[in-house]
Amino acid sequence: MDEPSRRTILAAGAAGLAAVAGCSTYGESKDAPGTTAPAGTALAKTGDIPVGGGVILGDSQTVITQPTAGTFKAFTSVCTHQGCQVANVADGTINCDCHGSKFAIADGSVVKDPAPQPLAPKQITVTGDAIPLT
Ligand code: FES
């Protein structure tokens, strides 16, 4: 059987993406540390991002959220505590399973310790239904 395409993985929803993203540190990733998508790369489609939730795009170390309908935010998916990839987005927070930190989907701020800092924002623009990194 063919491996799933990126589009297929996106269509699997946040839970599936969270499973792909997992909770790993840089050292466990197949990608080089700090690998990020170049500017202009389409990260996702607006329809892929649930209102009041978000998706984790592990390849680009990005979390895209839609706190309210039509408002999209992006943050690094690297937890500010000890560098795990955040694991999922649920109940209005971006969650790291390594030690339980939670971050607000609206601004990346720390909702639950031990993370010492908010998730760093990333610049995105919405062009039609595409969300490229800028
Ligand atoms: Fe995320 Fe510790 S690395 S809570």
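Worth pointing out:
- Among (1) surrounded by fewer than 21 Cβ atoms within 10 Å (Cβ to Cβ); (2) within 16 Å of the ligand (Cβ to nearest atom); (3) outside any loop (DSSP other than H, G, I, E, B) - the single one Pro132 does not satisfy: (2)
- Residue under evaluation Asp31, criteria (1) modelled with pLDDT of 95 or more; (2) charged (D, E, K, R); (3) loosely packed, with under 15 Cβ neighbours inside 10 Å, criterion not met: (1)
- For the residues Val89, Val63, the requirement of being over 18 Å from Thr125 (Cα atoms), in contact with a Ser or Thr (Cβ under 7 Å, 6 or more places away or on another chain) and modelled with pLDDT of 95 or more singles out Val89.
- Scanning the stretch 94-129 for residues that are within 12 Å of the ligand (Cβ to nearest atom) and among the polar types (S, T, N, Q), we see that the one that is surrounded by the fewest Cβ atoms within 10 Å (Cβ to Cβ) is Gln117.
- Subset of the stretch 55-75 (residues that are within 9 Å of the chain's Cα centre (by Cα) and either on the phi > 0 side of the Ramachandran plot or within 12 Å of the ligand (Cβ to nearest atom) (or both)): Gln61
- Where a residue in the stretch 48-62 is closer than 12 Å to Ile105 by Cα and free of Cβ contacts under 8 Å to residues at least 24 places away in the same chain and its partner, wherever it lies, is open to solvent by 10 Å² or more (accessible area, probe 1.4 Å) and outside any loop (DSSP other than H, G, I, E, B), with Cβ under 8 Å and at least six apart: Val51/Gln66; Val51/Thr68
The values are calculated or read from the model by the stated rules, or taken from the named source; none is laboratory data. Quantities reported herein were computed from a predicted structural model and do not represent experimental measurements. When we count neighbours, we look across all protein chains shown, and the Cβ atoms used for this are built from the backbone with ideal geometry, even at glycine. These accessible areas exclude ligands, DNA and RNA; they are computed on the full protein's heavy atoms, side chains included. Shrake-Rupley method; radii C 1.70, N 1.55, O 1.52, S 1.80 Å.
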